[in-house]
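Chemist: First the structure, which I've put down as C-alpha cells, then a few questions once you've had a look.
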Amino acid sequence: MRQIITSLSGGTRKPKAKEPEVYRGERHKLRGWLAQPIVYDRTLGWQNSHDEEKILYATSLLRDDAGTWITPYAEERITPAWDNWAGFKAELQRQFGVIDTKGEARIRLKNMKQGKRSVTEYWNQFRLVASAAELDDSTGGELLLGGMIADLQNAWAASSEEYEGRKTLAQWAIRKETKLATVRHIQGSPSTKSVQRETITP
C-alpha cells in the first residue's frame, strides 16, 4: 500500500503521518475516523485533487459492517451514487453517521466519566463531543464537573474561585490535578514518612 501511495504521489517525499485506522461501521466513531484520512491525504498533497485515490484508499480501510456495505460497490454489482470524495463522505455519513447528532452527543456527555484518565484526556474527549451537543456554557460546565473524579469535585466545592465557562473550569481542574498529584507524591515519599515517624515518636 505504501508503494502504491508513493507512486501515486509522484514519489515526492512528504512528512510522515500515522496511517488511518480501519473503520468498522460504528456510528459514534465515524466523525473521528473521517478526520484521519483527511489529515493523511494532506501529507500526500491530495487535499485539492486525487478524488479517486482518496476513495480507493478509504475503501481499503472499511471492515465489518462498513466492509459489508462497500462490497457490492467494489464488486461493481451496484453503481456508486458518488463520483468524488465529497460525495463518498456524504454517503458514509448517510449510512453510518449519527442520526440525531445533538441528542446522542448530549446523552454521551451525561454518561461520560473521567475514571482513571487524566483531566486533559477527559477534557479533550468532552470538548469533541460537546461541539455537537449545542449546550450553553453553564450546562456544559455542570456536565464536565459531574464527570470528574470525587477529589476534583470536592476541591471545586471548597474553592472560592469563580469560573466563567467550561474551558476555564477544565483549565482549573488540570492545574488542581497536578497539585494533588504533587501532594500525594510528597506524602508518599520515604523521607516524608521518616520525618513523620520521628515527629510522632514519644
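Chemist: Among LEU62, LEU44, LEU56, which is the only one that is within 22 Å of the chain's Cα centre (by Cα) and either without any contact (Cβ under 8 Å) to a residue 60 or more places away in the chain or closer than 24 Å to ARG127 by Cα (or both)?
Modeler: LEU62 is the lone residue from the list that is within 22 Å of the chain's Cα centre (by Cα) and either without any contact (Cβ under 8 Å) to a residue 60 or more places away in the chain or closer than 24 Å to ARG127 by Cα (or both).
Chemist: While we're looking at this one, here's another question. Of the residues that make up region 166-179, is at least one loosely packed, with under 12 Cβ neighbours inside 10 Å and either modelled with pLDDT under 90 or among the hydrophobic types (A, V, I, L, M, F, W, C) (or both)?
Modeler: no
Chemist: May I ask you to verify whether ILE70 is touching a strand residue (DSSP E or B) at 6+ places or on another chain (Cβ under 9 Å), among the hydrophobic types (A, V, I, L, M, F, W, C) and surrounded by 13 or more Cβ atoms within 10 Å (Cβ to Cβ)?
Modeler: Yes; evaluated as a whole, the condition is true for this residue.
Chemist: Could you check how many residues of region 73-107 are aromatic (Phe, Trp, Tyr) and either surrounded by fewer than 12 Cβ atoms within 10 Å (Cβ to Cβ) or closer than 30 Å to ASP137 by Cα (or both)?
Modeler: 1
Chemist: Residue by residue through region 108-130, note down the ones that are closer than 14 Å to LYS167 by Cβ, of a type in the set (S, T, N, Q) and in contact (Cβ under 8 Å) with a residue 24 or more places away in the chain.
Modeler: Answer for region 108-130, where residues must be closer than 14 Å to LYS167 by Cβ, of a type in the set (S, T, N, Q) and in contact (Cβ under 8 Å) with a residue 24 or more places away in the chain: just THR120.
Chemist: Just to be sure I understand the filter: pairs with C-beta atoms under 8 Å, separated by 6 or more residues or on different chains, first member in region 146-162 and at pLDDT 90 or above, second member in a loop (DSSP other than H, G, I, E, B). Which pairs pass?
Modeler: From residues that are at pLDDT 90 or above, the pairs are GLY147/MET112; GLY147/LYS113; GLY147/GLN114; MET148/GLN114; ILE149/GLN114; ILE149/GLY115; LEU152/GLN114; TRP156/MET148.
Chemist: Oh, and also: Condition check: of a type in the set (S, T, N, Q), more than 30 Å from ARG127 (Cα to Cα) and modelled with pLDDT of 95 or more. Does THR12 satisfy that?
Modeler: Criteria not met by THR12.
Chemist: Scan region 90-107 for residues that are touching a helix residue (DSSP H, G or I) at 6+ places or on another chain (Cβ under 6 Å) and more than 13 Å from GLU26 (Cβ to Cβ) and report the count.
Modeler: 1
Chemist: Among ASP83, ASP65, ASP136, which is the only one that is out of contact with any Pro (no Cβ under 7 Å at 6 or more places or on another chain) and closer than 23 Å to GLU19 by Cβ?
Modeler: ASP65
The values are calculated or read from the model by the stated rules, or taken from the named source; none is laboratory data. Given the structure is predicted, the values throughout are model-derived calculations rather than measurements. Note that each Cβ is placed from the backbone with ideal geometry, even for glycine, and that neighbours are counted across all protein chains shown.
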